[in-house]
């Protein structure tokens, strides 16, 4: 039985399941460093996944799909930033409103643009091809690292890149200064709003990638509310890691593997409803586990 | 005070206006004249006796859910898991209503309501305790628990409570057996769905008013919401306030589910609440957390809910358009900056 659950396939699937959460969580972590507790990640991702499939379907190119997804994620995130910084909307309620909006908006757009109600699937839509890495693909167990699509590898690459950007570069210092005390930027003659928009834009682009992965990463399709709480899982990962990017990345991948194990349990005859609960239950467990950590005056929202 | 009221009212109107403008874009996009669509919406919501009765029927759950959301927000915490509590409250009321026999009507109804409230409290107990005493974010926690609650209800009903004679093959609804006559709320106007749940909802709003305006405890809640630090210095047990606020929020949301079952559906039907929790949060925000405001906002929401159906029938504008409308209002409703843009800035001239 254990053989059935813990095999190479499970881990390989775990990496795929982790990718949208990882990308979202990295984007959210940047926002978190800039002092914004962003719960609209889910909405950004949903809108991006819709436009990802639209781009891929109409122009028959996965690259266009990814670009569409990134552009839409970027746009919606900047609008979010506008409402948050310029119009001073309440953080939680604004995020909540954006999530509501994205569900209604994609549900609405589905009918006139893709001509489906509730879901869209057309076999003519291209999807991202899997990259098989020579050498690695033939080593037992290590081969789980091979045979994923480009976004998966990109997401792994982004962990060190963002780490360097946020913790080792002047740009990152400014972002983090904004999160600690916006006045520091103002005193130094910088515009805090500008850096706030930068952080939102990064989050939008990363959520855009996550959305593209969901809609054209494997099977090219879109279903209403297809993000199914992944954005919140990402937020929980951020809360757990307190916004520290390497931990956020690690937690997200562990989370993906845990979800893959849960899916394998379905093969053992667990009821579907209970399996569907696992991401939410794991999120709650993760939040509760933050209790165990020492917290000397850390930033909690 | 008066100026503040006018400002808050004006920013509310502005949010409404933006909502109408944005959804007008979506209405024009499918080739319908937005004025015609909004006329149908208004007619469907408030024109004629039948429409008003059905609007009132939708007002009931929104009023109660709006109060549930407001109770939490008043104390500065958020209960995003209203939907979960609504479902659990509905399921427990349906089970008590169907399986406990031989009670006089009034006691049976009260029992259903009380049980649904207790279930709501139990479900919010964990996030409330973690928030108040361990400072674990309640927004994500309640939201996740809400998803779990909905799946749990589906699981319980399909596996344990659904009898074969209740299954209608054509619609594939997951549902429990019907509740007994003694548990049904009376209809106010005979053939329509408007039940005496309206009185329960109004009573809840009255309790809300008395609690926040006439009692010391209520004032402590309001103060905690305004500034937890200040409340702490004033000697208020902030943790306890947040804890009880979240629990009461869960209880009232459970009550909303029970009223829907006892007054309208007469059994638990899975998926009966269409976005009720999310819209309830919008109602509480639109009502600016005051009982009178929430009552008016819920009437508005009920009108939208009922009118949107008429609009969909007459002009083929989909229900999603109204959901976009609501979402845009939620986005704009706390955005103070929107209103400030409109104001002519006299300060600028004084050399600001």
The stretch B:72-176: helices (runs of 4 or more DSSP H) wholly inside it with 2 or more residues that are within 28 Å of residue B:216 (Cα to Cα) and more than 14 Å from chain A (Cβ to nearest Cβ) are B:105-134
Residues in the stretch B:144-167 that are in contact with a helix residue (DSSP H, G or I) (Cβ under 6 Å, 6 or more places away or on another chain) and surrounded by 19 or more Cβ atoms within 10 Å (Cβ to Cβ) total 10
Of the residues in the stretch B:38-53 that are in contact with a helix residue (DSSP H, G or I) (Cβ under 6 Å, 6 or more places away or on another chain) and either surrounded by 23 or more Cβ atoms within 10 Å (Cβ to Cβ) or not in a helix (DSSP H, G or I) (or both), the one that is nearest to the other protein chains (Cβ to nearest Cβ) is B:41
Residue hits (the stretch A:96-119; farther than 20 Å from residue A:44 by Cβ and under 22 Å from the mean Cα position of the chain (by Cα)) are A:119
Here, helices (runs of 4 or more DSSP H) confined to the stretch B:242-352 with at least 1 residues that are away from chain A (no Cβ under 14 Å) and more than 18 Å from the chain's Cα centre (by Cα) are B:291-315, B:346-349
Residue A:161: passes all of (1) buried (at least 21 other Cβ atoms within 10 Å of the Cβ); (2) away from every other protein chain (no Cβ under 11 Å) but (1)
Picking from A:285, A:257, A:275, A:253, the residue that is within 14 Å of chain B (Cβ to nearest Cβ) and modelled with pLDDT of 85 or more would be A:285
Can you confirm whether the stretch A:221-230 contains a residue that is under 18 Å from the mean Cα position of the chain (by Cα), in contact (Cβ under 8 Å) with a residue 40 or more places away in the chain, surrounded by 15 or more Cβ atoms within 10 Å (Cβ to Cβ) and at the interface with chain B (Cβ under 9 Å from one of its Cβ atoms)? yes
In the stretch B:36-86, residues that are at positive phi and touching a residue at least 60 places away in the same chain (Cβ under 8 Å) total 1
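The values are calculated or read from the model by the stated rules, or taken from the named source; none is laboratory data. Because the structure is predicted, anything quoted here is derived from the model rather than measured. Glycine also receives a Cβ, built like all others from the backbone with ideal geometry; neighbour counts cover every protein chain displayed.
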